[in-house]
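Data block below; observations after.
The values are calculated or read from the model by the stated rules, or taken from the named source; none is laboratory data. The model shown is predicted, which means the values in this text are computed figures rather than measured ones. Cβ sites come from the backbone with ideal geometry, for glycine too, and all protein chains shown count toward neighbours.
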């Protein structure tokens, strides 16, 4: 049974995170027809966004802004500011908007890759347009995948955080924070009763955010394979000091991987001189600088290591 002091300590952590982040999480009102799937009223869709720079940039979900170009951000102190959409990336479900007026000081972005199951997290958002809503829970699972789509292009957002912190319509785009008020995720979906998901804040996310701020979009390279994690043979485990690679389940006909000679059943060991053990390892290489450039790939095929050179093309989302 928890002692009163244990409960006090828990409450102090949650209230401390709430006090720190509530002013930095805005309620977004997006004109309906351009907005996303969260609940709305009066011709608007609703969501949340997190201030993450000192000059008015906010981070939210792509599905919150939808195809809109502008909207209004409302803060917990009663102030509001018109915002413009700087860039949106449906394949990561992230978007960056910029407020046209003063904003609170920025939240600190953390590192989701350091999260462990059972760790305390706090969700701060504006569900149903109610500013400053706070719920707490634990990390239920890490390493989840979230399917996303943009036009004909589909992708899995890797290392999605699963939490039991209660999320409601309008929470999307809000902050998922650790006990030190660092934003480790952007709440993205209500997957069911007692289940919430958040896009992780990590090295890949930071590259996406930078691209959105710089170019308004994310250019991605495309190999044309579907892969799943698979164990390496014992000899390769010992040789490379790791246990898994990526099994090629499907090769898209006429795609870069197919032209390079990759086959279904191949076991990817490395790409670009880096080990690949999960889809994120490969996706992390598929940014703009890889488009049209030779990419060395090592696979195990029929018991032998085979080297191929692929030249990724640009992924066309629509």
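Overview of results
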{"read-out": "Test: residue in segment 296-309 that is free of Cβ contacts under 8 Å to residues at least 60 places away in the same chain, part of a loop (DSSP other than H, G, I, E, B) and crowded, with 20+ Cβ neighbours inside 10 Å", "value": "no"}
{"read-out": "Segment 191-201 - residue that is assigned to a strand (DSSP E or B) and buried (at least 19 other Cβ atoms within 10 Å of the Cβ) and, of those, modelled with the lowest pLDDT", "value": "196"}
{"read-out": "Elements of type strands (runs of 3 or more DSSP E) contained in segment 40-124, each with 1 or more residues being farther than 27 Å from residue 161 by Cα", "value": "44-51, 70-74, 80-89, 94-99"}
{"read-out": "Among the candidates 93, 178, residue that is in contact with a strand residue (DSSP E or B) (Cβ under 6 Å, 6 or more places away or on another chain), assigned by TED's automatic domain parsing to the domain that holds residue 64 and either modelled with pLDDT of 95 or more or surrounded by 20 or more Cβ atoms within 10 Å (Cβ to Cβ) (or both)", "value": "93"}
{"read-out": "Selection within segment 243-290 - out of contact with any helix residue (DSSP H, G or I) (no Cβ under 6 Å at 6 or more places or on another chain), part of a strand (DSSP E or B) and closer than 11 Å to residue 227 by Cα", "value": "245, 246, 247, 248, 249, 250, 267, 268"}
{"read-out": "Checklist (1) surrounded by 15 or more Cβ atoms within 10 Å (Cβ to Cβ); (2) out of contact with any strand residue (DSSP E or B) (no Cβ under 7 Å at 6 or more places or on another chain); (3) at pLDDT below 90 applied to residue 211, failing item", "value": "(3)"}
{"read-out": "Condition met for residue 5 (within 30 Å of residue 140 (Cα to Cα), touching a helix residue (DSSP H, G or I) at 6+ places or on another chain (Cβ under 6 Å) and either outside any strand (DSSP E or B) or modelled with pLDDT of 95 or more (or both))", "value": "no"}
{"read-out": "Residue among 233, 275 that alone is under 24 Å from the mean Cα position of the chain (by Cα) and surrounded by fewer than 20 Cβ atoms within 10 Å (Cβ to Cβ)", "value": "275"}
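Let's see how each residue does on (1) touching a residue at least 24 places away in the same chain (Cβ under 8 Å); (2) under 16 Å from the mean Cα position of the chain (by Cα):
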{"site": "46", "(1), (2)": "yes, no"}
{"site": "50", "(1), (2)": "yes, yes"}
{"site": "54", "(1), (2)": "yes, no"}
{"site": "64", "(1), (2)": "yes, yes"}
{"site": "82", "(1), (2)": "no, no"}
{"site": "86", "(1), (2)": "yes, no"}
{"site": "93", "(1), (2)": "yes, yes"}
{"site": "109", "(1), (2)": "yes, yes"}
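Conditions (1) at pLDDT below 95; (2) touching a strand residue (DSSP E or B) at 6+ places or on another chain (Cβ under 7 Å), marked per residue:
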residue: 170; (1), (2): yes, yes
residue: 183; (1), (2): no, yes
residue: 189; (1), (2): yes, yes
residue: 203; (1), (2): yes, no
residue: 227; (1), (2): yes, yes
residue: 237; (1), (2): yes, no
